[in-house]
Amino acid sequence: MEAAAPTIEPEAASDEPKGGSGRGRVWRVLAHEWTLAVLGGLLLAVVLTWPTLKHPASTIPGDIGDPTVQSWQIAWGGHALLTDPLSLWDSNTFYPERYTYVYTDTLLGYAPAGWIGSGLEATIVRYNILYVLLYALAFIGAYALVRQLGAGKLGAAVAGIAWAFAPWRLAHGGHMNILSTGGIALSLAMLARGHGWSLTGGYQPDKRRPGWVVAGWLTAAWQVSLGFGIGLPFVYFLFGAGVVAAATYAWSWWRKKARPPFGRKLLIANLAGGAIFGLVTVSIAMAYLKVIELNPGSKRGLEWTIMFSPPVKAFFTAPAESWFWGERHTAAREQLTWPPEMALLPGITLIVLASAGLFFSIFSVRHRVMLAAGAVGTALLAMGAKLGGDGDPGYITLSKHLPGWDALRTPGRLMIWISLLLAILAAGAVSEAVRNADVLKGAGRTVARVALVVPLLLVLGEGVNKTGHPPVPQPPAAFAQAREPLLVLPATGLIELHYMMWTVDGWPRIANGMAGFEPATQAQTRAATVTFPDPTSIAYLRGIGVKDVLVLPAALAGTPWDGVQTRPIDGLGITREDIDGAVLYRL
């Protein structure tokens with residue numbers, strides 16, 4: 001096995017000055033495995049997401065679609081929790097609709113970051129910093145999990161990089177809710193540690209730590225608070241794992257005719273932590289159910305799932321944002337109907353190492369088979385409707401029978417779990433190779449250890465990105481002068497995400513917004529304002545409480561509002577101001 005993490009031995013009495021002793025303790029802390037793992041994760045995240053932090057106040061990774069509204073989500077969560085927590089779900093967008101904050105994954109777990117700074121620039125800086133940190137947390141979480149399961153340091157490092165910076169993630173550079181998976185691995189590591197369990201050592205009652213169990217459940221609750229798109233499969237996994245663990249415990253009790261040690265403290269830790277996890281999950285689920293109650297049209301059919309179901313070739317195809325594989329896989333991507341959700345390559349190096357881990361590993365054969373079966377089974381589910389022609393039995397079956405699963409319209413995102421299982425298998429192979437290298441003597445040992453760095457370099461190379469970092473759209477001067485509630489025209493398309501983001505300065509209520517469905521009031525507003533300004537549209541807007549209408553002429557081309565700024569307002573009882581290329585109508 002690899003050398004254990006350095007431990008701090010009791011200091012013997014000596015005449016060494018206290019200052020030197022203090023420096024020694026500081027050095028030992030800095031050189032500790034977990035300090036190095038955290039610092040390494042942060043450094044890797046900064047380098048492998050570069051140039052995210054090059055211009056953090058003016059550019060944003062991915063595109064100017066989802067990232068702009070996600071920056072608003074984080075800011076709104078922080079603002080609402082500080083000023084009016086009871087109105088958290090009723091955001092300032094989609095006026096006058098309710099529960100608008102939960103029209104999509106909320107990223108609520110990041111809300112405390114929204115307490116730092118205010119305004120648009122702070123919102124973008126905050127988003128960029130969190131974007132880097134989520135990659136760091138994914139590495140740290142995977143590293144901790146694999147170490148807890150029994151793998152060595154190098155194996156854990158390879159697994160952490162391969163999972164956190166996998167090529168398939170690069171297609172989701174604009175989806176913070178999909179990239180934020182570090183809490184999954186970290187909570188599993190904490191729960192395993194708290195229960196004194198690993199793959200190599202099994203259940204070891206003397207290593208039980210109730211505090212780690214509570215920390216694991218709290219981390220899992222935080223992960224779920226980031227969104228159900230990734231959180232719901234995690235909830236079902238934890239439920240299934242709990243059932244299996246309880247059944248295994250009961251079987252061991254019955255077979256040995258004696259109750260295996262568990263302990264009251266560990267039971268209380270699980271009950272308390274599990275209760276908090278359940279409360280968070282149910283609270284968020286109730287908010288989503290309220291959205292469906294208020295907006296029956298928000299419930300999606302299986303046609304979305306069918307459309308996003310990937311073929312087998314998708315698991316070996318990298319997204320265009322991959323520095324190494326992007327151009328090489330251009331032809332393969334052209335054969336996919338929706339590449340952003342179907343370019344699912346977990347990494348060629350990871351696949352090779354995981355395959356080796358089936359035959360050559362520190363883990364037992366039984367555990368290797370279970371890990372491989374889990375990866376293959378999850379891959380079959382990830383094919384969605386492509387499995388067997390209709391996905392039933394398979395992903396479609398889950399969509400029909402598991403509560404909430406029908407809302408998960410992108411089966412390929414299960415690659416989160418596939419790649420994690422592959423990473424554990426790969427770590428087993430690398431750790432076994434290290435153990436064999438340690439047996440060698442002299443130059444052979446040195447050569448073997450140098451050669452073992454190659455897998456680390458390969459997974460690093462596959463994680464290098466070509467993600468775009470476009471400038472963030474800035475609001476017109478007139479936006480700050482408009483009164484709320486406000487309607488901005490044009491009221492359709494991705495530009496509505498920009499309007500949402502612009503509201504972080506002052507939080508005015510706006511009738512605009514964009515989600516995966518169109519709320520009833522928004523549809524009525526769009527239809528009523530196509531003829532604006534005229535008596536009918538003005539009466540409608542006044543009726544729902546809108547005070548001002550801001551028109552952006554440069555964005556009107558090709559929309560139903562094209563030319564609205566040229567229409568007369570005589571006799572309508574409203575005023576008009578031209579402000580730096582925008583037109584502000586006061587109703």
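The values are calculated or read from the model by the stated rules, or taken from the named source; none is laboratory data. Just so it is clear, the model here is predicted, and its values are computed rather than measured. So basically every Cβ, Gly included, is an ideal-geometry build from the backbone, and we count neighbours across all protein chains shown. These accessible areas exclude ligands, DNA and RNA; they are computed on the full protein's heavy atoms, side chains included. Shrake-Rupley method; radii C 1.70, N 1.55, O 1.52, S 1.80 Å.
Miscellaneous remarks
- Hits in segment 407-424 - residues which are open to solvent by 20 Å² or more (accessible area, probe 1.4 Å) and either touching a Cys at 6+ places or on another chain (Cβ under 6 Å) or assigned to a helix (DSSP H, G or I) (or both): A407, R413, W417, L421, L422
- Residue in segment 390-405 that is least open to solvent (accessible area, probe 1.4 Å), counting only those that are in a loop (DSSP other than H, G, I, E, B), free of Cβ contacts under 8 Å to residues at least 12 places away in the same chain and not charged (D, E, K, R): P403
- Filter result for G506 (in a helix (DSSP H, G or I) and farther than 30 Å from R409 by Cβ): no
- Given (1) at pLDDT below 95; (2) in a helix (DSSP H, G or I), number of the condition S283 does not satisfy: (1)
- Of all residues making up segment 86-114, the number that are part of a helix (DSSP H, G or I) and touching a Lys or Arg at 6+ places or on another chain (Cβ under 6 Å): 1
- Qualifying positions in segment 68-97 - within 16 Å of A285 (Cα to Cα) and open to solvent by 40 Å² or more (accessible area, probe 1.4 Å): W89, D90
- For A57, the conditions (1) surrounded by 15 or more Cβ atoms within 10 Å (Cβ to Cβ); (2) among the small types (G, A, S); (3) out of contact with any Gly (no Cβ under 6 Å at 6 or more places or on another chain) are fulfilled apart from (1).
- Test: residue in segment 326-344 that is within 30 Å of L191 (Cα to Cα) and not in a helix (DSSP H, G or I): yes
- Among the residues of segment 338-369, just one is touching a strand residue (DSSP E or B) at 6+ places or on another chain (Cβ under 9 Å) and not small (G, A, S), namely L345.
- Selected residue (only one of A136, A142 is within 30 Å of A448 (Cα to Cα) and crowded, with 24+ Cβ neighbours inside 10 Å): A142
- Pairs with Cβ under 9 Å, 6+ apart, first in segment 97-111 and at positive phi, second in a loop (DSSP other than H, G, I, E, B) and hydroxyl-bearing (S, T, Y): Y99/S91; L107/S180
- Taking each residue of segment 14-39 that is in a helix (DSSP H, G or I) and looking for partners that are open to solvent by 80 Å² or more (accessible area, probe 1.4 Å) and modelled with pLDDT of 90 or more with beta-carbon atoms closer than 9 Å, six or more apart or interchain, yields L30/L36; L30/L39.
- Filtering segment 257-300 to residues that are of a type in the set (G, A, S) and in contact with an Asp or Glu (Cβ under 8 Å, 6 or more places away or on another chain) leaves only G297.
- No other residue among S298, S322 is more than 30 Å from V352 (Cα to Cα), open to solvent by less than 30 Å² (accessible area, probe 1.4 Å), in contact (Cβ under 8 Å) with a residue 24 or more places away in the chain and not hydrophobic (A, V, I, L, M, F, W, C) apart from S298.
- Within segment 92-127, restricting attention to residues that are under 18 Å from I510 (Cα atoms) and among the aromatic types (F, W, Y), the residue that is farthest from the chain's Cα centre (by Cα) is Y95.
Okay, residues lined up against (1) closer than 24 Å to D562 by Cβ; (2) in contact with a Cys (Cβ under 7 Å, 6 or more places away or on another chain); (3) without any contact (Cβ under 8 Å) to a residue 60 or more places away in the chain; (4) not charged (D, E, K, R):
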residue	(1), (2), (3), (4)
G493	yes, no, no, yes
E496	yes, no, yes, no
M500	yes, no, no, yes
G506	no, no, yes, yes
G513	yes, no, no, yes
F517	no, no, no, yes
A527	yes, no, yes, yes
V530	yes, no, yes, yes
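- Cross-chain or 6+ apart pairs with Cβ under 9 Å, segment 268-284 first and touching a residue at least 24 places away in the same chain (Cβ under 8 Å), then part of a helix (DSSP H, G or I) and open to solvent by 60 Å² or more (accessible area, probe 1.4 Å): A269/W212; G273/L218; I276/L218; F277/L218; V280/W222
- Any hit, segment 163-178, residues being within 16 Å of the chain's Cα centre (by Cα), within 22 Å of I362 (Cα to Cα) and modelled with pLDDT of 95 or more: yes
- Residues (more than 30 Å from M176 (Cα to Cα), surrounded by fewer than 18 Cβ atoms within 10 Å (Cβ to Cβ) and either among the charged types (D, E, K, R) or at pLDDT 95 or above (or both)) located in segment 201-230: D206, K207, R209
- Any hit, segment 231-249, residues being surrounded by 12 or more Cβ atoms within 10 Å (Cβ to Cβ), over 24 Å from T378 (Cα atoms) and without any contact (Cβ under 8 Å) to a residue 40 or more places away in the chain: yes
- On inspection, D438 qualifies as modelled with pLDDT under 95, assigned to a helix (DSSP H, G or I), open to solvent by 30 Å² or more (accessible area, probe 1.4 Å) and of a type in the set (D, E, K, R).
- Tabulated pairs, segment 429-446, first among the polar types (S, T, N, Q), second surrounded by 14 or more Cβ atoms within 10 Å (Cβ to Cβ), C-beta under 6 angstrom, 6+ apart or interchain: S431/A151; S431/G152; S431/G155; S431/I362
- Pairs with Cβ under 7 Å, 6+ apart, first in segment 474-485 and in contact (Cβ under 8 Å) with a residue 60 or more places away in the chain, second hydrophobic (A, V, I, L, M, F, W, C) and in a loop (DSSP other than H, G, I, E, B): P476/L552; P485/A511; P485/V546
- Among the residues here, A314 does not qualify as crowded, with 21+ Cβ neighbours inside 10 Å, in a loop (DSSP other than H, G, I, E, B) and modelled with pLDDT of 95 or more.
- Whichever residue in segment 368-389 is under 28 Å from the mean Cα position of the chain (by Cα) and farther than 16 Å from I416 by Cβ and, among such residues, is most open to solvent (accessible area, probe 1.4 Å): M370
- Among (1) part of a helix (DSSP H, G or I); (2) open to solvent by less than 10 Å² (accessible area, probe 1.4 Å); (3) in contact with a helix residue (DSSP H, G or I) (Cβ under 9 Å, 6 or more places away or on another chain) - the single one F532 does not satisfy: (1)
- Among the candidates G573, G543, G493, residue that is on the phi > 0 side of the Ramachandran plot and open to solvent by 40 Å² or more (accessible area, probe 1.4 Å): G573
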